[in-house]
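Note sheet for the following structure.
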Amino acid sequence: MVSTKSISLFSGAMGLDLGLIQAGIDIQIGQDFEPSCIETMRVNGHPGILGDIRKLSSGDLLSAVGMKPGEPFLICGGPPCQPFSTAGKRLGINDPRGSLFLDFVRMIEEIRPRFFVMENVKGLMSSPLKDSKGQDTKKKVLDVILEEFNSLGYKTVYGVLDAVNYGVPQFRERFLLVGSRDNEPIFLPVPTHFHIHQNEAYRWRTLKWAIQDLEDSCGECAEFSGSRLKYLRMVPEGGNWKSLPPVILKEAMGGAYASGGGKVGFYRRLAYSQPSPTVVTSPVQKATMMCHPRQDRPLSVAEYARLQQFPDDWIFTGTTAEKYRQIGNAVPVGLAKAIGEMLIAVAEGQAEIVVKRTRGTGVHEKIQNAIQMGGHG
């Protein structure tokens, strides 16, 4: 039996960790800069190191788990790269080597885990590298990131995965980079759920599937302001600002009325019959509203947690706003589990059935090609 003792960095509320644990990976310890995140880890029985990763040494982490360099199965985490987010203005940064990403690389270099997993916003894939004057260079940020890991001798695969394809009841695209120290045949996890499928168990999961039983006992919940509720009450299930009467659109939208973009999150009321839009860090912000399909309120903390697939008994600590932020920043548990299952299968040499016959397998090749677009070996 392979040892799976692992270390988590930038752990947040442990969405990534929980999925990996469900897959059979032993997360020994987490780390985060936010006290509320560390308290969430600890109150749920998981050890966590509170502190700025820039001030932590690899020895601090290794001694905390009683391991030596080269022994950990995995280091995982999502170094913050907010400038790459497509939710707002995409400003980028001059060089990811000047960000916390460099400390994630440092830990990989010094600890030498068998595998690493780095997740981030999908905008990282296409963000241009800027020079000291803020001008675009001919390189992309991703090029620099891959160069850093290549210099450590790690084989990598990467791409953008949508959590809805892994049984998560929301559309949520995330960048995933997986590395192997020993040149093992890693790959991006193959989808398990589909838009169309003859078996209900393998179709996309909807908002109704996830939260309907919480409708009348939602628990802790933020509130919309009176002015926003005024307009939300006019929006039908599945609608948004475009559903408002034309004569009040300018008044309702304010300065955003003349702005470009789809503005799909303005006065958005969710639809039970579809997967949820991406869960954001606050359900009440004007541009990213997450209004309940049939009630005049935002999704509650418990409903948010369901969409990210946290266990119902998982305790979130801090203020209501901090709880929403912890959940909104998390990796969905179902997606994380698929990543962990891939790593376990590769480590045990069981990821592939080797056959001579290839006739009739075209559909599987199409699926694999779809998720490997942008892959790098």
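Bear in mind these aren't lab numbers, they're just calculated from the coordinates by the rules spelled out. Just so it is clear, the structure is predicted and the values come from calculations on it, not from any experiment. Cβ sites come from the backbone with ideal geometry, for glycine too, and all protein chains shown count toward neighbours.
Segment 203-351 has equivalent-ellipsoid semi-axes of 32, 17, 14 Å, by the square roots of 5 times the alpha carbon gyration tensor eigenvalues, sorted largest first. Centre-to-centre separation between the Cα atoms of segment 24-48 and those of segment 300-323: 15 Å. Within the chain, the longest run free of trypsin sites (Lys or Arg not before Pro) that sit in a DSSP loop with at most 15 other Cβ atoms within 10 Å is 134-232.
Given an 8 Å cut-off on Cα distances and at least 6 residues of separation, report the relative contact order of the chain as a percent.
For the chain, the relative contact order is 19 percent.
At q = 0.14, 0.19, 0.26 Å⁻¹, work out log10 I(q)/I(0) for segment 110-170 with the Debye formula, treating every Cα as an identical point scatterer and leaving solvent out; two decimals please. Treating every Cα as an identical point scatterer, log10 I(q)/I(0) equals -0.57, -0.87, -1.13. What the pair-distance distribution of segment 134-281 shows, using all Cα-Cα distances binned every 10 Å from zero, is 9, 24, 26, 23, 15, 3, 0 percent. Estimated at 0.36 nm per residue, the fully extended path between VAL355 and GLN198 surpasses their Cα-Cα distance by 53.9 nm. A prolate overall shape is assigned to segment 187-256, the ratio a/c of its alpha-carbon gyration tensor axes (a ≥ b ≥ c) being 1.5 or greater and a/b exceeding b/c. Think of the chain as a dipole: +1 on every Lys or Arg Cβ, -1 on every Asp or Glu Cβ, centred on the Cα centre; then among ILE327, GLY262, ALA305, GLY262 lies furthest on the positive end.
Taking the Cα atoms of the chain, the ratio Rg/Rh between the radius of gyration and the Kirkwood radius comes to 0.98.
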